[in-house]
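Below is one structure; the comments refer to it alone.
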Ligand SMILES: Nc1ncnc2c1ncn2[C@@H]1O[C@H](COP(=O)(O)OP(=O)(O)OP(=O)(O)O)[C@@H](O)[C@H]1O
Ligand SMILES: [Mg+2]
């Protein structure tokens, strides 16, 4: 279970095709999720237009800030696989004194590729997915130092599908259950609650090389 306060900024973190938008649709309301693809579509007419990325994130950050001003729980649906891409979100959360919660999707590259291929609407190049996973692996060891109140690591699709979200917690501190996972970062399968203060973060402190990434 992912325990969330009623009011929080939730940052989904994971490569293209890992299931972020599917997860967001399953657990959050349509207007609670701010998606970089939707913002790209709004500014450029095409959710896949990478030339619109900077403008899309201007809009995304503005929407997030305006929602947090209103004390509305907000989910950011973008890959957010680098510390640099998470930093502005954390800054906005800090500005509004809102707990920021990361939900990290660690699924095998093959699954992302398969999911992407099965999508009816758009496709992301395999090289981009590989790069996302590589960037995620590189930034994970330090994620607990970035300023998140909690980091929830979901290893594998079984863990993702087993998770429930409880939005009544006074503090976002725990994540349990999740079942078997097939993620590729070392550590036990399933869901892991990563401490965000006091150093050593279990497997996140040394994710090591990810298969398929060079
Ligand atoms: N938990 C799941 N179980 C079964 N199929 C899934 C699951 N999650 C995602 N999929 C499939 O994978 C496809 C891609 O998932 P989704 O669009 O959620 O990925 P994403 O992480 O949002 O990717 P992007 O970053 O490119 O937007 C979906 O169209 C769906 O068919
Ligand atoms: Mg998506």
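The values are calculated or read from the model by the stated rules, or taken from the named source; none is laboratory data. Fair warning: this is a prediction, and the values are worked out from it, not measured in the lab. Cβ atoms come from the backbone with ideal geometry, glycine included; neighbour counts cover every protein chain shown.
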Segment 37-75, residues that are in contact with a helix residue (DSSP H, G or I) (Cβ under 6 Å, 6 or more places away or on another chain) and closer than 19 Å to residue 101 by Cα: 60, 61, 64, 65, 74, 75
Taking first residues from segment 9-22 that are over 14 Å from residue 156 (Cβ atoms) and second residues anywhere that are part of a strand (DSSP E or B) and near ligand 2 (Cβ under 8 Å from one of its atoms), the pairs with Cβ under 8 Å that are 6 or more apart or on different chains are 12/77; 20/77; 21/35; 21/77
Odd one out for residue 36 among (1) more than 15 Å from the chain's Cα centre (by Cα); (2) in contact (Cβ under 8 Å) with a residue 40 or more places away in the chain: (1)
Among 130, 138, which is the only one that is crowded, with 18+ Cβ neighbours inside 10 Å, modelled with pLDDT of 95 or more and in a helix (DSSP H, G or I)? 130
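So, restricting to strands (runs of 3 or more DSSP E) that lie completely within segment 1-109, which ones have at least 1 residues that are modelled with pLDDT under 95 and either more than 15 Å from ligand 2 (Cβ to nearest atom) or buried (at least 20 other Cβ atoms within 10 Å of the Cβ) (or both)?
On the way: elements: 9-13, 33-35, 74-77, 100-106.
In segment 1-109, no matching strands (runs of 3 or more DSSP E) lie anywhere.
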